[in-house]
Structures are given as C-alpha cells and as structure tokens.
Amino acid sequence: MLIVDQYAYSNQLSSVHPVEKMIFSLTTLLIALISNSIIVSVVVIFVMSGLLVLKAKIPKLVFLKLLLVPLSFIIMGLIPIIISVTTSKHDFIVQMSYWGLTLGISSANLITAVELLFRTTASVCCLYFLALTTPMIEINSMLRKLKIPAVFIEFMNLVYRLLFILLDTAHQIKVAQLSRGGYSSIKNTFTSLAYLGSNLLVKAYYRAKKLSLALKARGYKGKIEVLERDHHLSKRNLSIIAVTEIVLVIFSILVEVV
Amino acid sequence: MTEAILATKDISFNYPDGTKGLDDLSLTIPQGEKVVILGPNGAGKSTLFLHFNGILEPEQGSVFFEGQRISYDKQTLTNLRKKVGLIFQDPDEQLFSASVYQELSFGPLNLGLSKAKVKQRVIEAMKVTGISELEEKPTHLLSYGQKKRVAIAAVLAMKPKVIIFDEPTAWLDPQGAEEIISFLEELTANGITIVMATHDVDLAYKWADYVYIMNQGTKIASGIPSDVFQNKSLLEKVSLVQPLVLELYQQLQEQGVVKPNQYPKTKQELLKLIKN
Ligand SMILES: Nc1ncnc2c1ncn2[C@@H]1O[C@H](COP(=O)(O)OP(=O)(O)OP(=O)(O)O)[C@@H](O)[C@H]1O
Ligand SMILES: [Mg+2]
C-alpha cells in the first residue's frame with residue numbers, strides 16, 4: 001500500500017493526465033470483465049504489465065510481489081470451484097474416493113477456474129495500473145469533477161487515509177522491533193506480533209489524532225484542498241487509448257464468434 | 001587506528017521512489033572510538049544508520065561487522081542486531097509499547113535473558129536515562145524529550161557493542177543533553193563504540209575522536225575534529241559553521257594571544273590557554 005503510493009507519485013507516467021489513465025484503465029477493466037475469452041485476458045495482462053514495467057518503470061519484482069497479494073486470495077477462492085465432492089459417479093479427470101465420497105476435478109470446472117483466474121488477474125492488473133500511476137489526490141479530484149457525491153469521495157478519502165496511517169504504523173513498529181532483535185526466533189516472533197497487534201490501534205489512533213490537530217491548526221474545515229499539478233490532455237495519448245480499446249473490443253467479439 | 005568494528009565499502013542505495021539515499025559510500029568505524037557523522041539535512045545519515053544494523057540492504061557494495069561481510073540471512077541479522085543497537089532519530093518511529101517498562105524489556109527479552117536479568121537491565125537503563133518515574137506511562141503520552149530518553153534507554157538495556165545514535169541531543173533540554181553526553185563517556189570507557197549523527201558542531205568537535213562529513217549520500221571529508229573543522233570552505237559547502245571554541249582560538253592565535261597547535265576542546269581549556 002505504502003509502496004503503491006510512492007510509485008503513484010514517482011512513476012514515469014505520473015505526468016500523464018489522470019483522465020487519460022483512468023479512461024484507459026477502466027475501459028480495459030470493463031472489457032476484461034465482460035469478455036469470456038482467456039486470450040483477451042492474457043492480452044490485457046500483457047498490455048497492462050508491459051506498460052507498467054516498460055513505460056511507468058515500476059520494477060518487475062515489485063509489480064510481481066504486488067500481484068501475488070490478490071492472487072493468493074483468488075487462488076484460495078478457486079479451490080472450492082475446482083474440487084467437487086459427490087456421492088455419485090462422474091467423469092472426473094482426477095479423483096479420490098473415501099467412504100463412499102468422491103473428491104474429483106472435472107474438466108469443465110477446471111476450465112471455469114482457469115478462465116476465472118485469468119479474468120481476475122487481468123482486472124487486478126487494470127486496477128494496479130491506475131493505482132501505481134495515479135496518486136489518490138488526483139483520482140479524488142477527478143471523481144469530484146465527474147460530480148460523484150462528495151460524501152462518497154470524502155468517505156473514500158477517509159478510509160484511504162486511515163488505512164495509510166494504520167499500515168505505515170504497522171510498518172514502523174515492525175522495523176523498530178526488527179532492529180531490537182524481534183522476530184528472531186519462533187517464540188519471540190509471537191511476542192513481537194502480540195506487541196504489534198495490541199499497540200497498533202492505539203498508536204495509529206494517536207497519530208491520526210495528531211494529524212487532525214495539525215490540519216486544524218492550518219485551518220482545515222472538513223475538506224482537504226491542495227494545488228494540483230498541471231496536466232494537459234494529450235490528443236496523441238487519447239487516440240492511442242481509443243485505438244487500443246477498439247482493437248480489444250473487436251478482438252473479444254472475434255474470439256467469441258470464431 | 002584500531003581495528004574496524006563496522007565498515008561500509010562502496011555502498012549505494014536508492015529509495016523506491018528513486019531518491020538517492022547513499023552513493024558509493026565507504027567508511028570505517030574503529031573499535032572503541034567515538035565517531036561523529038555530520039552533514040546537512042538529507043545527506044543520508046539516517047539511511048546509512050539503517051544499513052549498520054541490516055534494516056536496509058545496499059544495492060551495491062557491502063557492509064562489514066568485525067571484519068565479516070554481512071550476509072542478509074536471518075541468523076547473521078539476528079546476531080548483528082544484538083550487537084549493533086540503533087537509536088532512531090524520531091522516537092515516535094521507535095516506540096510501540098503500552099508502557100515504558102514493556103518497551104525497555106522488549107530488546108533484552110529478545111536476547112534470551114532470564115526474567116530477573118531483564119528486570120535488572122530495565123531498571124538500570126531507566127536510572128541512567130533518568131526516566132524511572134515514567135515506568136508505567138504509555139509511551140505515546142510522553143513529551144518528545146521523554147520519548148527520546150525512552151528510545152535511548154530501550155537500546156541501552158540491550159547492552160550492544162556498538163551504539164548508533166541518530167541525533168541523541170536533539171529535543172533534550174540542555175541539562176538532559178549534558179547528562180547523556182557524560183553518560184556516553186562512561187560507555188566508551190567500558191569499550192563500547194559509539195557512532196553519532198548530529199548537527200551540533202560544538203558537540204562534535206569536543207566529543208568525537210573521528211569525524212565524517214557526508215553530503216548527497218557520499219563522504220566528502222574525514223579526519224580528526226581539529227583537522228576537519230579547520231577547513232572553513234568545506235564546512236560552508238555543507239552549511240555547517242566552525243565550532244565556537246576553535247574559531248575563537250584561531251583568531252586569538254592570529255593576534256598572537258595564544259600559542260599555535262594546541263587546539264583546546266572546551267571553553268575552559270581555551271581560557272586556560274589565554275591565561276598562560
Ligand atoms: N522512506 C523514504 N523514501 C524515500 N526517500 C527517502 C526516505 N527516507 C529518506 N529519503 C530521502 O533520502 C535522502 C537521505 O535521507 P536521510 O534521512 O538519510 O538524511 P539525513 O542525513 O538523516 O537527514 P537529516 O539531517 O534531516 O536527518 C533524502 O533525500 C530523503 O528525502
Ligand atoms: Mg536523519
């Protein structure tokens with residue numbers, strides 16, 4: 001999360017107009033979600049990770065690690081889809097029977113799971129594209145321009161800021177613990193974690209409180225306004241985005257028909 | 001110079017957002033000496049310190065402890081962190097416990113000491129840093145200077161061989177700063193090596209055995225204090241000033257009031273030279 005935020009500010013695409021990035025990432029996301037074809041998902045994954053690594057210059061390893069976070073959840077969620085439990089006979093590709101119960105994997109389920117895996121990965125890539133290239137403040141101000149209700153935006157902001165403080169505090173505590181020999185054996189890994197868990201909320205609460213005091217001291221009245229960086233819409237980028245999206249749409253229709 | 005207890009060789013480090021933290025930096029910390037690292041804000045002092053106990057790993061180059069190149073496996077790091085104690089610049093980043101007592105016990109417990117031993121160490125560390133009466137207070141409710149003392153005590157309680165001090169006297173009241181410095185003298189008398197980052201040139205001049213000056217992630221000067229602090233143009237380049245005692249001494253020497261090459265460290269020493 002923290003690292004995502006750092007890259008959002010410092011990546012090589014940070015000067016591109018946020019509207020362009022948002023249109024690109026969200027339309028591609030829509031296509032990836034609607035299309036039923038693995039090929040489209042694979043193309044989206046390649047386009048998005050290619051852009052992130054080659055254009056935005058996000059280090060490969062960092063991106064892979066970030067990708068692994070949601071992927072591990074997705075894969076766990078796929079297990080019940082892949083494995084079916086029945087009492088009757090089926091044409092499973094692999095199966096095991098115990099006490100009249102059959103655990104098995106059918107080819108249809110396997111295909112569904114693989115499709116789902118690729119589609120979700122493609123969607124995650126689209127969202128990461130936006131998150132890694134566009135700072136939250138800019139996404140916010142765009143949502144404001146799109147006339148999304150203020151309550152919704154402020155709520156999103158609040159969650160984001162609190163999450164940020166929480167994660168940052170957790171990271172700080174962990175570094176402090178490591179530097180004094182924490183997490184060096186199994187036993188003190190548990191004590192370290194217990195300290196972290198029991199003090200995280202208190203510490204984050206005080207930090208958040210101080211932050212809000214500091215904001216008030218500078219005249220904060222419920223809405224954070226900062227000067228935004230100047231961006232210019234680029235006709236070239238917009239045309240490239242339009243062409244890419246059209247090609248993707250045509251492609252997914254073709255795959256569907258053929 | 002005595003044997004190096006800590007050393008870096010050509011280390012470079014960049015933060016994830018591309019900021020240059022360290023740039024091809026080599027330096028050695030001699031065993032048992034008092035070393036000061038000076039440099040303007042953002043020079044890379046804190047970044048260097050996080051390399052000394054293996055929290056950060058250099059992208060290029062190596063860090064050495066007692067002559068051994070640090071490998072970043074768990075065993076080596078555990079061992080390193082037992083011997084190299086790091087006191088963070090910002091105590092808010094270092095403290096995490098519900099009470100001062102709990103905070104101080106964390107490190108010694110990780111050393112695998114018995115409960116009785118830990119208790120003894122905690123009480124001792126509270127005493128020398130003057131925080132005994134804060135024992136039960138939650139760390140987040142302390143004043144900044146008090147937090148700084150707790151942060152110092154938390155590392156002292158582990159009795160490391162090397163203590164890395166990121167601006168120990170910032171935020172302390174003058175008497176507190178004085179106490180800490182004289183306590184550091186005691187530590188070095190017991191053979192402990194101390195590395196300190198500070199912006200206080202007077203302190204650096206009077207206290208250090210050896211001085212490094214850093215700028216933009218790299219070393220630009222090093223030597224004994226009376227040499228390094230004579231180079232006015234160098235000091236200006238990194239927005240430092242000459243120590244007051246040294247500056248006065250040099251001017252008095254030019255006017256023939258005092259003899260050359262005696263380099264008083266303190267006000268008292270200078271006054272004595274003037275009297276003679
Ligand atoms: N977590 C971080 N992410 C990105 N850049 C960082 C981070 N921490 C430090 N930096 C940058 O690295 C450089 C060195 O910082 P460092 O904190 O080591 O300086 P310092 O010498 O300790 O300064 P000071 O005297 O202000 O404490 C600075 O340019 C700083 O902006
Ligand atoms: Mg610093």
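The values are calculated or read from the model by the stated rules, or taken from the named source; none is laboratory data. Just so we're clear, the structure is a prediction, and the values are computed from it rather than from any experiment. Here Cβ is always computed from backbone atoms with ideal geometry, including for glycine, and neighbour counts include all displayed protein chains. The accessibility values were calculated without ligands, DNA or RNA, using every heavy atom of the protein model including side chains. Shrake-Rupley method; radii C 1.70, N 1.55, O 1.52, S 1.80 Å.
Quick look at the numbers
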{"item": "Residues losing 50 Å² or more accessible surface upon assembly, region B:65-82, compared with the chain by itself, 1.4 Å", "result": "B:Arg81"}
{"item": "Separation in nanometres of the label points that stand 7 Å from Cα toward Cβ, at A:Leu163 and B:Gln268", "result": "6.0"}
{"item": "1.4 Å probe, heavy atoms, protein only - residues of region B:50-64 losing at least 30 Å² accessible area vs chain alone", "result": "B:Ile55"}
{"item": "The protein assembly as shown: C-alpha pair distances exceeding 39 Å, %", "result": "44"}
{"item": "Low-density loop positions, chymotrypsin sites (Phe, Trp or Tyr not before Pro), region A:151-220 - DSSP coil, at most 14 other Cβ in 10 Å", "result": "A:Tyr220"}
{"item": "Between region B:166-185 and region A:72-116, the alpha-carbon center distance in angstrom", "result": "67"}
{"item": "Amide hydrogen neighbours beyond the local backbone of B:Glu33, cut-off 5 Å, H modeled", "result": "B:Ile194"}
{"item": "Chain lengthening between A:Lys55 and A:Ile34 when straightened (0.36 nm per residue, less Cα-Cα)", "result": "4.9 nm"}
{"item": "Total formal charge among the other residues, if their Cβ is under 14 angstrom from that of A:Ser107, Lys/Arg +1 and Asp/Glu -1", "result": "-2"}
{"item": "Peptides ranked, highest mean first, by Cβ atoms within 10 Å: ranges B:35-48, A:2-15", "result": "B:35-48, A:2-15"}
{"item": "Helical mean residue ellipticity (222 nm; -39500 (n - 2.57) per DSSP H run of 4+; nearest 500) of chain A", "result": "-24500 deg cm²/dmol"}
{"item": "Interface size A-B, as summed buried accessible area [1.4 Å probe, Å², nearest 100]", "result": "2300"}
{"item": "Degrees, to the nearest 10: B:244-254 long Cα axis against longest axis of chain B", "result": "20"}
{"item": "Low-density loop cleavage sites - chymotrypsin sites (Phe, Trp or Tyr not before Pro) in region A:65-121, where at most 13 other Cβ are within 10 Å (DSSP)", "result": "A:Trp99"}
{"item": "Region A:136-227 shape via C-alpha gyration tensor axes, a/c threshold 1.5", "result": "prolate"}
{"item": "Helix B:115-129 axis, angle to chain B major axis (alpha carbon atoms, nearest 10°)", "result": "30"}
{"item": "Whole-number accessible area per residue in Å² for the protein assembly as shown, which is evaluated in the context of all protein chains at 1.4 Å", "result": "53"}
{"item": "Qualifying GluC sites (Glu not before Pro) in region B:96-137, DSSP loop, other Cβ atoms within 10 Å at most 11", "result": "B:Glu136"}
{"item": "Region B:212-266-region B:49-127 distance, computed between alpha-carbon centres (Å)", "result": "34"}
{"item": "At least 20 Å² of accessible area lost relative to the chain alone, listed for region B:3-29 with a 1.4 Å probe", "result": "B:Pro16, B:Asp17"}
{"item": "Using θ = phi - 60° and Karplus 6.51 cos²θ - 1.76 cosθ + 1.60, couplings along region A:71-87 (whole Hz; Gly, Pro as x)", "result": "4, 5, 5, 4, 5, 4, x, 7, 3, x, 6, 6, 8, 10, 10, 9, 9"}
{"item": "Using a Förster distance of 25 Å, the FRET efficiency for A:Ile79-A:Phe190 (Cβ separation, nearest 0.05)", "result": "0.35"}
{"item": "Within the accessible area of the protein assembly as shown (1.4 Å probe), percent carbon and sulfur", "result": "63"}
{"item": "Rough spin-label spacing in nm, given labels placed 7 Å along Cα→Cβ, for A:Val4 and A:Ser88", "result": "4.4"}
{"item": "Distant-in-sequence amide H partners of B:Asn215 (H built 1.01 Å from N, under 5 Å)", "result": "B:Ile220"}
{"item": "Length released on extending from A:Ala108 to A:Ile23, taking residue separation times 0.36 nm less the Cα-Cα span", "result": "27.1 nm"}
{"item": "Amide H contacts under 5 Å for A:Tyr183, placed H, 5+ residues apart", "result": "A:Thr189, A:Ser192"}
{"item": "Under DSSP loop assignment and at most 10 Cβ neighbours within 10 Å, longest trypsin sites (Lys or Arg not before Pro)-free interval of chain A", "result": "A:1-88"}
{"item": "Debye log10 I(q)/I(0) for chain A, one point scatterer per Cα, at q = 0.16 Å⁻¹", "result": "-1.25"}
{"item": "Computed FRET value (nearest 0.05) for B:Thr19 with B:Glu136, which takes r as the C-beta separation and R₀ as 60 Å", "result": "0.90"}
